[in-house]
Amino acid sequence: MHRKKTAIPVKRKWSWLVYGLFAAALIVGVMYGPNLYALLRISNEIDTISREATQAAGPWPRASDACIYCHDGMQGNARTQLYPRLAGQPAAYLKKQLTGFANGERHDPTMTPFALGLSEQDMDTMVSRFAKMTPRPNMTFHADAVKVARGEALVKSGNCVACHGQKLEGRDTYPRLAGQSYDYLVDQLTNFKSGVRHDASGAMPAIAANLSSGDIEDLGHFLASR
């Protein structure tokens with residue numbers, strides 16, 4: 001009899017404990033449920049983005065991730081005028097430039113050691129990735145209308161479309177010029193003019209040799225504004 005009487009309070013004690021835990025869980029769910037659900041959704045979205053990025057550019061770590069600091073990484077449309085915009089550049093052109101940095105044809109304190117560290121597969125993956133990106137207008141550059149007009153005249157007289165495409169969109173081993181970063185354009189044309197940058201065909205050094213610094217600025221304004 002003594003054991004039977006003491007068993008009833010113990011059962012009641014556990015019942016109240018279970019009810020209490022259930023009530024606490026219910027209260028927590030009501031108070032924090034929406035936030036927990038939001039965190040779960042964010043986690044799932046991050047997993048999806050990571051999975052899609054891996055399918056598009058290969059597994060982590062990726063050599064192309066180093067490009068984010070200068071070339072705006074996944075978008076390829078650099079917002080600063082100092083660095084080239086790589087989105088939509090022809091694959092053949094991108095491969096030629098990376099190879100040039102690696103074999104010493106081109107020189108740059110950042111790009112040369114970077115290219116030397118790339119495998120052939122790294123190069124091909126990177127080239128394919130940027131070539132498939134959508135080029136966007138260069139919205140961070142504000143062109144001067146007078147210089148744009150003079151630059152357009154120079155483009156027509158120099159028949160730039162013969163190599164770079166009717167809309168200067170680039171093709172084969174010739175780069176996309178439309179919407180390119182202004183400072184980068186000026187630097188490269190100046191380098192062709194001075195001989196710092198070479199071109200196996202000899203076309204660009206010959207063209208740049210006849211350009212004044214004012215001409216180069218005008219071309220930069222026109223091309224960056226396209």
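Where a number appears in this text, it was derived from the coordinates with a stated rule and is not lab data. What you see is a predicted model; the values in this text were computed from it and never measured. Note that each Cβ is placed from the backbone with ideal geometry, even for glycine, and that neighbours are counted across all protein chains shown.
Dividing the C-alpha radius of gyration of the stretch 79-120 by 2.2 N^0.38 Å, with N its residue count, gives 1.18.
Modelled spin labels at ILE27 and ASN191, positioned 7 Å past Cα toward Cβ, are 6.7 nm from each other. Relative protection proxy for 121-132, 211-222, from highest mean packing down: 211-222, 121-132 (other beta-carbon atoms within 10 angstrom). Averaging the Cα positions of each part gives two centres, and for the stretch 75-124 and the stretch 166-191 these lie 14 Å apart. Anisotropy class assigned to the stretch 124-222 is oblate, per the alpha carbon gyration tensor with a/c at or over the 1.5 cut-off and a/b no larger than b/c.
Computed over the stretch 143-183, the Cα gyration tensor eigenvalues convert (square root of 5λ each) into semi-axes of 19, 13, 7 Å, ordered from largest to smallest.
One way to sum up the overall shape of the stretch 170-226 is the equivalent ellipsoid from its Cα gyration tensor, whose semi-axes run 17, 15, 9 Å, largest first. Once the C-beta distance of TYR69 and ALA209 is scaled by a Förster radius of 25 Å, the resulting FRET efficiency is 0.15 to the nearest 0.05.
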